[in-house]
Each structure stands twice: as structure tokens, then as C-alpha cells.
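Worksheet: the structure to be examined is printed underneath.
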Amino acid sequence: MSYELRILCDINLPDKVLRVWDGSGRTFVDGDGNLYRAAQFSEDALQQIEAAINGASYTLSLSLIGLPQMAGDEIWEYDETTPVSGAKFVIKIQEVDQFSQPLGAPEIVFTGMVDNMAVSDQAAESDEGDVTQSIVTIEVVNRFTLRTIANGSVLSDVDQRARAKQLNPSAPDDKFCARVPSLRDKTVRWPNW
């Protein structure tokens, strides 16, 4: 028996939830009856999702390509009237059977917040002539954003301890930042042969 995986994305906006899945074709219906619109992620976006799932990514930039211009215009107009920054963003993996029916509940693999969303249009050739397609780029941040500070400064001892507690709550208290300043007074001596 063959199984497939679907990558499902939920964007929880203030007044509705946008749901997309990575693929083309029909609308996907999950086990709870939620409808997911087909959208194609760029190849770079799939690599970033993998990095985010593995905990190596602190800013996830997803590009949804191949959306009809009407859908892109709808997203752009919504962003103009209702800011989407801070909206919860969830990536789930759903196992499906050979008939594309969901098997069990989806597994949540990434949770973050929308930081920015941009919509651009491009022309593409098809059998019917030139067709305009939209590209929606969504930038998502999560708890790993704590690793960077906009002004380029380093984390303080307090920030480092808070970050360490979030990343590994069962570990002992992190004293790395407290020990590093003491190394300034140390002298490294190379062997004198």
C-alpha cells in the first residue's frame, strides 16, 4: 500500500484562516473538513521548510507560485486593509492514502508568526496566450529569531539564559555569556619549542 505526504499551511488571519497545500490540482479536504487551496511552493521554499522543521531556520521565507492573478489580488487587498503581521502560521504534514484521503490527524512540524507578506505578478505563456500569475512571498519568524538582534549587538547574559531555557528547558542553567568576559584577561601562549 503506497502513502503520500501533503504539506499543509494554515495562516490564521484576524478574521479568517487561509489554508494552502503544496501541490497542484484539486482542493484538499483534511479529516476535519477544512478546505486547502492548491499552491506550488518554490524549490527554495521547500528547502527552507525542511530547515525550519529541523530547527535550523529562524526566518522562513515561503514563495507561493502559480496562483491565479485573482487570488493574488485578493491577498494584496486584504493585506492593505488588515495588516497580517503577527498572524499565526502553522505547517503540518498530513499522510494520505492512494485515494488522497487523510490518514489520521496531521502532525504540526512548525509554528511561527507572519512578519511580512508581499505579492508580485508575472506573465506566463500558456495555450490560451499570456496569463498573469501571482507570487505571494510570506516571511515567517519563530522563537529562533531570538538568535539575532537587529542592531548587530550580541546577546546579553540574561538574553542567553532565556534563550537557552526556551530551546532546552531540561538542561542546567546556561552560563556561557557569564564565562566569556573572563576570557578577555587570559593570554594564549603558543608552545615555545
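Observations on the structure shown:
- Charge context of GLN98, other residues only, Cβ under 15 angstrom, K/R +1, D/E -1: -2
- FRET efficiency estimate (nearest 0.05) - Cβ-Cβ, PHE99 to ALA162, R0 45 angstrom: 0.40
- Spatial separation of Cα centroids for the stretch 84-106 and the stretch 2-36, in angstrom: 6
- Listed values for the stretch 163-173 are Karplus-derived 3J(HN,Hα) couplings in whole Hz (6.51 cos²θ - 1.76 cosθ + 1.60, θ = phi - 60°), namely 5, 5, 5, 5, 6, 8, x, 8, 7, x, 4, and x replaces Gly and Pro.
- Put simply, the amide H of THR132, placed in the peptide plane, has neighbours under 5 Å in ALA124, leaving out anything fewer than 5 places away on its chain.
- In a reduced charge model with +1 at each Lys and Arg Cβ and -1 at each Asp and Glu Cβ, the stretch 11-119 shows a dipole moment near 180 debye about its Cα centre.
- Total charge dipole magnitude, the stretch 1-63, about the Cα centre, Cβ charges on Lys, Arg, Asp, Glu only, Debye to nearest 20: 200
- The calculated FRET efficiency for GLN47 paired with PHE176, based on their beta-carbon distance and R0 = 25 Å, is about 0.25.
- Convex hull volume per residue in cubic angstrom - Cα atoms of the stretch 1-132: 130
- Translational diffusion coefficient (Stokes-Einstein; Kirkwood radius from C-alpha pairs) of the stretch 20-77 at 25 °C, 0.890 mPa s, in µm²/s: 192
- Database remark: amide H of VAL140 closer than 5 angstrom to the amide H of LEU60, SER61, LEU62, ASP115 (H placed geometrically; neighbours at sequence offset of 5 or more, or on other chains; Pro and chain starts carry no H).
- Simple rule: put +1 on each Lys or Arg Cβ and -1 on each Asp or Glu Cβ in the stretch 19-99, find the dipole, and look at GLN69, GLY25, PHE99; the Cα lying farthest toward the positive end is PHE99.
Read-outs throughout are calculated quantities, based only on the coordinates presented, and are distinct from any laboratory measurement. These numbers were taken from a predicted model, which means no experiment stands behind them. Don't worry about glycine lacking a Cβ; one is built from the backbone with ideal geometry, like all the others, and counts go over all protein chains shown.
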